[in-house]
1. Under the rule a/c < 1.5 gives rounded, and otherwise a/b versus b/c splits prolate from oblate, where does the range 162-254 land using the Cα gyration tensor?
2. Tell me, what ³J(HN,Hα) does each residue in the range 9-20 have, in order and in whole Hz, if you take phi through Karplus 6.51 cos²θ - 1.76 cosθ + 1.60 with θ = phi - 60° and put x for Gly and Pro?
3. Could you give the nm distance between label points at LYS153 and ARG124, where each point is 7 Å from its Cα heading toward the beta carbon?
4. Can you list the residues, at least 5 places off or on another chain, whose amide H is less than 5 Å from the amide H of LEU425, using H built in the peptide plane?
5. Of all DSSP beta bridges located in the chain, what percent are antiparallel, nearest 5?
6. Give the value in nm², to one decimal: projected area of the alpha carbon convex hull of the range 266-314, averaged over all directions.
7. Amide H neighbours of VAL100 under 5 Å, at least 5 residues apart or on other chains, H built in the peptide plane: list them.
8. Where in the range 358-429 are there GluC sites (Glu not before Pro) that are in a DSSP coil and have at most 12 other Cβ atoms within 10 angstrom of their Cβ?
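Derivation of every value follows stated rules applied to the coordinates shown; laboratory data play no part. On a predicted model such as this, the values are computed, not experimentally measured, just so you know. Counting neighbours? That spans all protein chains shown, and the Cβs are built from the backbone with ideal geometry, glycine included.
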Amino acid sequence: MAGVVCVGAQWGDEGKGKVVDLLTERADVVVRFQGGNNAGHTLVVAGVQTVLHLVPSGVLHEGKTCVIGNGVVVDPEVLLHEIESLQARGLLKDPRRLAVSGQAHVILDVHKRIDRAREQYLPRKIGTTGRGIGPAYEDKVARRGLRMQDMLKAQWPDLLRERIASVNTYLTGMGAPSITGAELEEMIARTRRHAQALRDHVTDTVFLLDQARRAGKNILFEGAQGTFLDVDHGTYPYVTSSNTVAGAACAGAGVGPTAIQRVVAVSKAYTTRVGEGPFPTELHDAMGQRLRETGAEFGATTGRPRRCGWLDLVALRRAVCLSGADALVVTKLDILSGIGPLPVAVAYEVDGKRVTEFPTDTDDVTRARPVYREHPGFDGELRGARTLAELPPNARAYVEMMASELGVKLALVSVGAGRGEEIMLDPVF
Ligand code: GDP
Ligand code: IMO
Ligand code: MG
């Protein structure tokens with residue numbers, strides 16, 4: 001039995017979906033432990049693209065169990081839609097293959113309303129995905145949230161009515177329209193239908209994972225978002241509302257630290273970010289545009305163009321430290337082909353001082369000017385490479401430089417979006 005956590009080492013969209021799909025080959029159970037449908041994880045198998053927002057990225061492997069843990073916030077409508085579209089493709093026929101924690105908090109319509117109203121009416125914008133993630137986690141921590149198991153109860157309409165009454169006060173205070181009685185009744189009817197349809201999936205996932213662990217199964221924990229979107233460790237307040245670092249897998253799935261043996265950090269060969277917030281190596285020029293176009297850097301959830309920039313070793317070192325990563329996955333190396341030389345941030349300058357540690361104060365990150373070291377570029381088609389030796393020498397040197405700078409073992413180098421377009425060095429399980 002082994003437990004492996006896979007997390008994003010940057011600001012999300014590192015290619016975790018593809019990596020989890022690959023690592024599932026040797027896993028028995030794949031678990032999401034935080035975030036919600038703010039995530040968009042893309043898998044490309046035999047030319048067919050699948051974008052998953054809530055269902056774990058192991059789902060394309062028949063016979064593996066997928067778990068949505070207690071730490072996830074679940075939009076029942078989105079989950080149902082995702083299940084139905086997978087079923088329409090002949091997947092997930094057996095409801096036992098997808099287990100959803102009864103303790104996972106529910107994202108209600110009102111959470112989405114509040115999320116969007118804040119982005120529209122309040123002066124400071126985070127650039128959220130508008131999926132209600134923050135407000136749902138706020139209710140959870142404030143001890144007034146509703147959980148998946150509550151949806152199955154006879155008193156669900158009363159629980160919902162009670163919640164909406166206090167939310168309306170908040171919405172009107174912001175200048176946003178409140179929820180009408182008719183809307184509330186429609187919401188009750190709709191969520192009742194969702195509850196019926198999801199009933200067979202809702203279970204005690206802590207027990208399920210414990211059974212799997214005792215039976216010697218391999219468990220893969222799938223992180224969403226990325227290290228610098230972590231609510232504690234990220235560029236606060238320009239973050240998401242959950243802990244995204246590897247340690248969050250324990251509380252968010254209900255396992256102890258002894259259930260985890262390895263941690264995989266996933267990084268692009270360059271950097272991207274969606275939404276607001278500081279990004280020291282961001283490129284505002286034609287090169288940024290080129291990375292966005294060549295890398296198809298548009299959000300898998302909202303379609304927003306991603307901000308693009310050079311690789312940032314200062315940030316990555318911090319990410320490896322925060323998650324205790326011992327394995328590195330580099331994705332999208334192919335996108336850097338034809339560009340050269342390649343600047344890589346090795347330090348920042350903050351108010352004239354050189355710093356090599358990622359600042360804890362977001363104001364300092366905002367003022368940080370990257371100090372670059374140039375790495376020789378490389379050319380040619382990389383997508384066919386299956387061994388490091390098949391890469392152009394400078395491309396190989398680039399990924400080996402990343403692993404050595406970060407002090408972690410290189411586990412995988414991805415050279416294309418498709419399953420199979422990678423160099424597998426260490427399957428981690
Ligand atoms: P995630 O949120 O971390 O799962 O990443 P996303 O799916 O949001 O974004 C990563 C994008 O890059 C997706 O469109 C993937 O299909 C694509 N991708 C992943 N690895 C590679 C790669 O090595 N090369 C290329 N060209 N695309 C990749
Ligand atoms: P995956 O799992 C990239 C960003 C949003 C915004 C901030 C807060 O696909 O890597 P939220 O809706 O969570 O309150 O938004 O976090 N964000 C992501 N950026 N990838 C993601 O997920 C993200 N999930 C949230 O753009 O800046
Ligand atoms: Mg994504």
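1. Oblate is the answer for the range 162-254, as a/c is 1.5 or above yet b/c matches or exceeds a/b.
2. In residue order, the calculated couplings are 9, 10, 10, x, 6, 6, x, 4, x, 4, 5, 5 Hz.
3. Each label point is offset 7 Å from its Cα along the Cβ direction, giving 3.5 nm.
4. Residues meeting the amide H criterion: LEU412, VAL413.
5. 40
6. Details: hull surface 14.6 nm².
Taking a quarter of the hull surface, the average projection is 3.6 nm².
7. HN-HN under 5 Å from VAL100: ILE68, VAL202, THR203.
8. When the GluC sites (Glu not before Pro) of the range 358-429 are filtered for loop state and at most 12 Cβ neighbours within 10 Å, GLU381 remain.
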